[in-house]
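The values are calculated or read from the model by the stated rules, or taken from the named source; none is laboratory data. Worth saying up front: this structure is predicted, and the values here are computed from it rather than measured. Here Cβ is always computed from backbone atoms with ideal geometry, including for glycine, and neighbour counts include all displayed protein chains. SASA here: full protein model, heavy atoms, side chains in, ligands and nucleic acids out. Shrake-Rupley method; radii C 1.70, N 1.55, O 1.52, S 1.80 Å.
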Amino acid sequence: MRETTLALVLLTAAAPAPAQDFYGHWADGRAELSGYQVVQPRYGEPREGHAVLVFVTEDVHAGTLIKVESPDTPKSDRIYALKLNRMLRFTTGIYDYSMMTSVFSAVEPRAGGRSFEPLRITFTAQEWCGHVFEEVQVRGGAVLGELFSYFERVGRQSWRLDRPPELVSEDNLLIRIRELRGPLMEEGESRGVMLLPGLWELRLRHRPRELVEAVLSKGRREPVVVQGRSREAVPWTWSYGQRRKTVWVDTEYPHRILRWQDSSGASGELLASVRRPYWNLQSLDDEAFRAELGIP
């Protein structure tokens with residue numbers, strides 16, 4: 001009964017806005033909240049857990065790239081951004097893992113670029129041994145990083161990479177492949193890109209911070225089963241080295257992320273998606289809203 005109810009939440013959502021009406025859909029004072037059941041391999045074994053993707057628009061300061069909260073900040077100092085907060089939770093034996101990645105993506109093109117280019121990415125990982133924090137900022141011709149870790153072999157690091165003509169961030173791809181303001185690529189198209197791997201992936205594999213040559217492909221629409229129901233989706237795949245990941249995106253606007261799977265065995269499947277002003281849902285009674293997303 002629980003799975004049937006969650007599927008109905010997903011499939012009976014309000015009629016979507018047309019693709020060209022980005023502001024009509026996203027500037028309504030609500031966030032998109034999507035809950036997923038996930039499998040995350042760790043220490044050689046698959047771990048069951050859950051994830052939440054939060055997509056919401058907000059202004060960030062052009063100088064600091066931090067959310068604007070003062071009404072006195074002039075429009076010229078603001079960048080309208082689509083923010084993705086991605087939470088992942090799972091357990092390894094006795095202790096828990098908790099990860100969060102925040103991606104700030106500029107809605108409007110900047111300096112001749114495209115919509116949804118990355119501005120700032122932050123990542124935190126917590127488990128019982130300690131925690132890690134990393135921040136990436138894209139400024140002018142550079143990609144700048146700061147990394148702070150509990151673990152001695154990582155410690156504290158600052159790094160800098162030259163920005164390619166078109167920077168592709170694996171973390172930011174979860175925004176770009178939704179094609180919220182028109183197509184990014186044609187169905188069946190593949191292209192080579194210079195990719196900044198996801199910060200969680202770099203943490204898992206203890207890899208150096210560097211841009212890698214990758215192939216990004218947009219497949220042709222196909223049916224995908226989500227919670228026992230078939231949906232039409234477009235598969236997006238990117239690969240570099242031994243890593244390959246596929247994400248299935250709903251063909252209907254706002255093109256929600258339905259599933260993902262990668263070559264490590266990690267996977268995710270959408271339980272439900274709703275639009276809510278979650279920052280106002282803080283009372284004990286509001287814990288009931290978690291059931292809408294199918295998360296503990």
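From the list PHE22, PHE90, pick out the single residue that is in contact with a strand residue (DSSP E or B) (Cβ under 7 Å, 6 or more places away or on another chain), at pLDDT below 95 and open to solvent by less than 20 Å² (accessible area, probe 1.4 Å). Give the steps one after another, and end with the answer.
Details: PHE90 fails: at pLDDT below 95.
Checking each option against the conditions leaves just PHE22.
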Point to revise | Where a residue in segment 89-103 is of a type in the set (S, T, N, Q) and its partner, wherever it lies, is outside any strand (DSSP E or B) and surrounded by 17 or more Cβ atoms within 10 Å (Cβ to Cβ), with Cβ under 8 Å and at least six apart | key: THR101/ASP171; THR101/GLY198; THR101/LEU199; THR101/TRP200
Review point. Name the residues in segment 25-63 that are open to solvent by 30 Å² or more (accessible area, probe 1.4 Å) and either out of contact with any strand residue (DSSP E or B) (no Cβ under 9 Å at 6 or more places or on another chain) or among the aliphatic types (A, V, I, L, M) (or both), would you?
Key: ALA27, GLY29, VAL39, GLY44, ALA62, GLY63
**Study point:** Wholly within segment 200-296, strands (runs of 3 or more DSSP E) carrying at least 2 residues that are open to solvent by less than 20 Å² (accessible area, probe 1.4 Å), of a type in the set (D, E, K, R) and closer than 19 Å to ARG86 by Cβ
**Key:** 243-250
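Pick from ASP21, ASP59, ASP72: which is under 19 Å from the mean Cα position of the chain (by Cα), at negative phi and free of Cβ contacts under 8 Å to residues at least 24 places away in the same chain?
On the way: ASP21 fails: under 19 Å from the mean Cα position of the chain (by Cα); ASP72 fails: under 19 Å from the mean Cα position of the chain (by Cα).
Only one candidate qualifies: ASP59.
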Exercise for review: Would you confirm whether any residue within segment 64-85 is under 20 Å from LEU270 (Cβ atoms), assigned to a loop (DSSP other than H, G, I, E, B) and either among the small types (Gly, Ala, Ser) or modelled with pLDDT of 95 or more (or both)?
Suggested key: no
